[in-house]
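Reading through the structure tokens given below for one structure.
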Amino acid sequence: MTTNGSRPRMVTVRVQRFNPDVDEKPYFDEFQVELTPAKTILDALHEIKTAQDGSVTYRRSCRHAICGSCAMYVNGKNILVCNTPLRDKIDEEGTVTIRPLPYLPIIKDLVVDRSSFWEQYERVKPWLIPSADVPEKEFRMSSEEVAALNKAETCIMCGACYSACQVIAMNKRYVGPHALLKAFLRVLDPRDMAPSERLADVGDQDGVFRCHTIFNCIDACPKDLDPTKAIETLRKLAQKRQAFEAARRDRQRMLNEPIASS
Ligand code: FES
């Protein structure tokens, strides 16, 4: 009974289980969890692990949609389970089904091997490459330059877009929406001195021209980012990269100057 005397509403949580050391294929275990207004899917998993089956395995860290470690495939969609209320994902049968991110090797239960995700990320040199002539004061960007980044800097590298991408499902050589979004961020950053080199790197058949514009990455992103638009921008810039590089060198000379925003 709840504190007001009513019966608690129970939800069936189906968790995909798989231990590659002993199981031939994945299967589901079902658990009953009480539905409360503030309970997230991650809370439900904690409850299952602490009170029902300690062997259920999943990743999480921050619990505040910042670290990106808790992305999972819930009722047919990649989401962050730490900021998704359990009540929002109950299907018509009163069930919430949790699987690991698709298209990635399963290490155990809901934990996937993200090696290919990080390898592709490294491939785009995600760090800033600044001028050797670093200004004495802070670098200044105009509000238009910040707006052009389209909030790409808020990506938390959760892997939701990567594992929702149909091209990744077929071809792990594809750089992927997460890494191309980071390349976009660096190419458009006026402090970066290697936009032409970056555009040459991503402007091949495993890069921006491999994207099929299916938009799954946009649907999956828990931060409402737009990797497809970023890829489209990189495609256009890749075709005029020398002119873009020249404009960047001009812009670099003004980095220490006040910016007049229009
Ligand atoms: Fe960090 Fe969910 S636990 S994003």
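Extension gain, Asn171-Arg253: 0.36 nm per intervening residue step, less the Cα-Cα distance, totals 25.4 nm. Were the residues from Ala243 through Asp91 laid out at 0.36 nm apart, the gain over their Cα-Cα distance would be 49.5 nm. By definition, a body whose alpha carbon gyration tensor gives a ≥ b ≥ c is prolate when a/c is 1.5 or more and a/b is larger than b/c, and the chain fits this prolate description.
Projected label points at Arg123 and His64, each 7 Å from Cα along the beta carbon direction, are separated by 3.4 nanometres. Based on DSSP loop calls and a cut-off of at most 10 other Cβ atoms within 10 Å, the longest stretch of the chain free of exposed GluC sites (Glu not before Pro) is what? After excluding every exposed loop site, the longest remaining stretch is 139-262. Note on Asn83 and Ile214: the model spin-label points, each 7 Å out from Cα along the C-beta direction, lie 2.5 nm apart. All other residues whose Cβ lies under 14 angstrom from that of Ala147 are scored, Lys and Arg at +1 and Asp and Glu at -1, for a net of -3. Put simply, the stretch 1-133 fits an ellipsoid with semi-axes of 33, 20, 12 Å; these come from the alpha carbon gyration tensor as the roots of five times its eigenvalues, largest first. For the stretch 68-122, the relative contact order is 27 percent, taking Cα pairs closer than 8 Å that sit 6 or more residues apart in sequence and dividing their mean separation by the residue count. What is the Cα centroid distance between the stretch 176-249 and the stretch 42-112, reported in whole angstrom? If you average the Cα positions of each part, the centres end up 31 Å apart.
Under 19 Å of direct C-alpha separation, and excluding same-chain neighbours fewer than eight residues apart, Lys229 reaches these aspartates and glutamates: Glu144, Glu145, Glu153, Asp189, Asp201, Asp204, Asp206, Asp219.
Report relative contact order for the stretch 1-118 in percent, whole number only (criteria: Cα-Cα under 8 Å, sequence separation at least 6). Could you put the intermediate results ahead of the total?
Details: 199 pairs, mean separation 33.8, N = 118.
That works out to 29 percent.
Mean residue ellipticity, 222 nm, helices only, the chain: the sum of -39500 (n - 2.57) across DSSP H runs of n ≥ 4, divided by residue count and rounded to 500, is -9000 deg cm²/dmol.
The string of couplings for the stretch 27-32 from the Karplus curve (6.51, -1.76, 1.60, θ = phi - 60°) is 8, 10, 10, 10, 10, 9 Hz, one whole number per residue in order, with x for Gly and Pro.
For the chain, what relative contact order do you get, as a whole percent, if you take Cα pairs closer than 8 Å and at least 6 residues apart?
Relative contact order here is 17 percent.
The alpha carbon convex hull volume per residue for the stretch 3-58 rounds to 82 Å³.
Of the beta bridges in the chain, as assigned by DSSP with both residues counted there, near 80 percent are antiparallel. Near Gly207: Cβ cut-off under 11 Å, other residues only, Lys/Arg at +1 and Asp/Glu at -1. The net charge is +2.
Just name one of Pro102, Leu234, Ser142: the one whose Cα is farthest towards the positive end of the charge dipole of the chain (beta-carbon charges, Lys/Arg +1, Asp/Glu -1). Highest projection toward the positive end goes to Ser142.
What is the local net charge at Val175, summed over the other residues whose Cβ is closer than 14 Å to its Cβ (Lys, Arg +1; Asp, Glu -1)? For residues surrounding Val175, the net value is +4.
Bear in mind that the values in this text are calculations on the coordinates, not laboratory data. Computed from a predicted model, the values in this text were never measured in an experiment. Note that we place each Cβ from the backbone using ideal geometry, even for glycine, and neighbour counts take in every protein chain shown.
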